[in-house]
Amino acid sequence: MGHRKAELEKRIFVFFFIVTFFIVVILISIEWQLAKFGINQYEDVNIKYTLSNFTISLNEKNTTMQHLLHTLSSDPNMIKAIQSKSKSNIKKNLARFHDTQLINNLILYDKNRNLIIGEEWELIQEHFSDIFQYSSKEISSSFVANYGLKLYNINFCPVYSGSTIKVLHGIFIIPQKIEIGQFNLDSEYLLTFVSYKDALNETQVPKILKSHIPQINDIIEDVVNIKQQESINKLNLELATGIKVMYDLRNDPSGIFLVTYIRNVNRFAQQSLLFFILILLAVTLIMISTLGNWFSKTILIPVKNISNKMHDIAANPSIIEPIGEKYTGVLGDMVNTFNNMNIALKNHSRSLNEYKIITDNIGSGIFWLDNDFNVIVFNPRFPEILECTSEKDVINKNLNELLGLKEQLIEKVQDNSITLHQLEINIKNKKKFVILNIRAVKYQENFRFFGSITNITKEVKAIKAQEAMELELIKSNKLAEIGRKVEGIVHNLNSPLNSILGYAQLIKKDNKDNKDINKIIEAGKNMAHSVKGLLNKVKKSNVSMMSPIDINEIVAQELNLCKHNLFFKHYVILTKNLQKDLPEVKAVYGDISLCVANILNNAIEALKNSVDKNIKVRTYKIDDMSAIEVKDSGEGIAEENFKKIFETYFTTKVGKEGSGFGLGLAITKNIIERYNGKIIMSSKLGVGTTFTILLPVAE
């Protein structure tokens, strides 16, 4: 025990040390962030000041140039000289201004964009359309443009006549090469002014920035992408940069002004602050570690012993043991009370454990409900029946909602207990059958409900499957008997029918012009064709052996038999598209014939109340399957019945003429799936329904 106590003291000391360390680290981080924020603010102000001075200086130069150009454009003599396109008069007027830079750099175009004064220049031609567009709106302006590796500040001003009706006579343009030396800026910083097209390279930036060229170029691209003008960035602990992007008249980037700020002073401040914080950290750790050691010995260790014992009891109540250590004062009273509680819990947990073993291993789900019918206690089998993976999916949930019951049972249970045999519930879109038993128990002033639920889905399905099998066998026997009778009737019809056709043809020899005899012979041939087709179907349907089957032959035969339905014959418009050389499928002829007949009969029934009476039948091959598609323009099927349409005994024809038993589609689906095929249904109310049978191609 002494060894465990020493180990616990060691752990508590380490715990205090780690917690204290992390607290101090968090405080240092906060202090560090505040210091960085102040330093960054100081740097940002200085860089913004330089960027602002550059902008002001550039604007002052532009203002001076704009003033000169406005003076020229408003001079009547200059306007007359431009109108006459006299170069000598224009130069004479320019000489009055005594400005050599103006005379040497000035470029003048007339309103037809013809050069009058100055030299043709690719830089001006590149931007002339934008300059002319601005000038046509009586706007004078300036912008920065790049030409090769050099940058030029271009000022332009339109010349309009002074009459009431403004007429454009020409455009003054002054391009000025830009160099850093032209601006009165603080020499404390490294300044760079370059063309955007060439970006930064080793020949254009100070030596200290050469290793950061890719990083700065990426920053410039980010600024341009969001159409920003200025950006301040910290490259590392030693360098910060300010970037100003210049744009031309098309809002395309043209020039980059770069301010490089060396952060040596700030780095010294950061190091000093860090040294001070490290001293504070060391002192704080020593003080807190000393206090933590004392606190752990006098209070934490006894409380920890009691806490560990309580954790052991919570994990396994069957091994409750008293605390052997003796303590004085409040801790001693706590230990004695705890030991007495252990004895009572040990006796109680023994009986509870016996009941728990029984309920955990029973096959039915057992549960308690509060007076609002919410689940509060249950055994492991209960969520398994409801297919819930977590207790959170069951606890405090209403039983009616869990079982998907529409009828509220709480009123019935309060009067007496209820038992529901073969109750159908819907769990995660799956149908289940259960036996549900609930009874009320008076608990204090309210009711609590005890219940059990037993899953009998397999048993119910087995009974229903047996019933369906019996019905299918009865129907098969009846159909076989009918087939044998039909075969006999057809044989009996063939002899008199052949006699009728023979005598009619003999009469025709003596009465060649009698058209009525031709009608008798034609009708007899049609009847013989129908009898032959019916006899062929009966014979093939009575053969139970699997063989290669021509899908198109079955579809054609069933459509031919449908013609005996007067409604189909006189009202339904049939569209047939049977793919040639459709691969055969291997099956029993009678099975596939029955499936096609069921689908066609359903389609005909669906058309009886429809305005448009259309049936489209087609066959085709998709992947390794042969398909039969029957599409009608009938009433359609409601969406809530999509999952029920293939269930045994489900029908929507109850109360209608020709109502059925709900076996046709169920039998069809069973037969198709027996051959590893599929049946697919799509429908829309008021539009129609499409059934598609897919069968594997015979190998």
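Each reported figure results from applying straightforward, stated rules to the coordinates on display, with no laboratory input. The structure displayed is predicted, hence computed values, not measured ones. Cβ atoms come from the backbone with ideal geometry, glycine included; neighbour counts cover every protein chain shown.
Points to keep in mind about this one:
- The label point for Asn396 and the one for Trp121, both projected 7 Å from the Cα toward the Cβ, are 7.9 nm apart.
- Links that overshoot a 29 Å alpha carbon limit, given the list Lys111/Lys197; Lys92/Lys166; Lys210/Lys244; Lys92/Lys197: Lys111/Lys197; Lys92/Lys197
- Checked against a 19 Å cut-off, the cross-linked pairs Lys430/Lys458; Lys608/Lys684; Lys392/Lys442; Lys392/Lys430 give Cα-Cα distances beyond that limit for Lys392/Lys442; Lys392/Lys430.
- Calculated FRET efficiency, Phe567 to Glu640, Cβ-Cβ distance, R0 = 35 Å: about 0.80 to the nearest 0.05.
- Length gained on full extension, Asn201 to Val167, computed as 0.36 nm times the residue gap minus the Cα-Cα distance: 7.5 nm.
- With the simple spin-label model, which puts each label point 7 Å out from Cα in the Cβ direction, the Phe22 to Thr419 separation comes to 5.9 nm.
- Theoretical FRET efficiency, 1/(1+(r/R0)^6), r = Cβ-Cβ of Lys431 and Asn308, R0 56 Å, to 0.05: 0.65
- Label-point separation in nm, Leu285 to Ser86, each point 7 Å along Cα→Cβ: 9.3 nm
- Considering only the Cα atoms of the range 545-699, their convex hull presents on average a projected area of 9.1 nm².
- Relative packing of 451-462, 85-96, which averages over residues the other C-beta atoms within 10 Å, highest first: 451-462, 85-96
- Euclidean distance of C-alpha centroids, the range 224-248 and the range 366-396, integer Å: 63 Å
- Rounded to the nearest 0.05, the FRET efficiency derived from the C-beta distance between Ala698 and Arg250 at R0 = 56 Å is 0.20.
- Within-10-Å neighbourhood charge of Ile604 [Cβ basis; K, R +1; D, E -1]: 0
- When the C-alpha to C-alpha distance is required to be over 25 Å, the pairs from Lys80/Lys177; Lys432/Lys464; Lys397/Lys464 that qualify are Lys80/Lys177; Lys397/Lys464.
- Derived value for the range 591-650: Kirkwood hydrodynamic radius 13.2 Å. Basis is the mean of 1/r over every pair of different alpha-carbon atoms.
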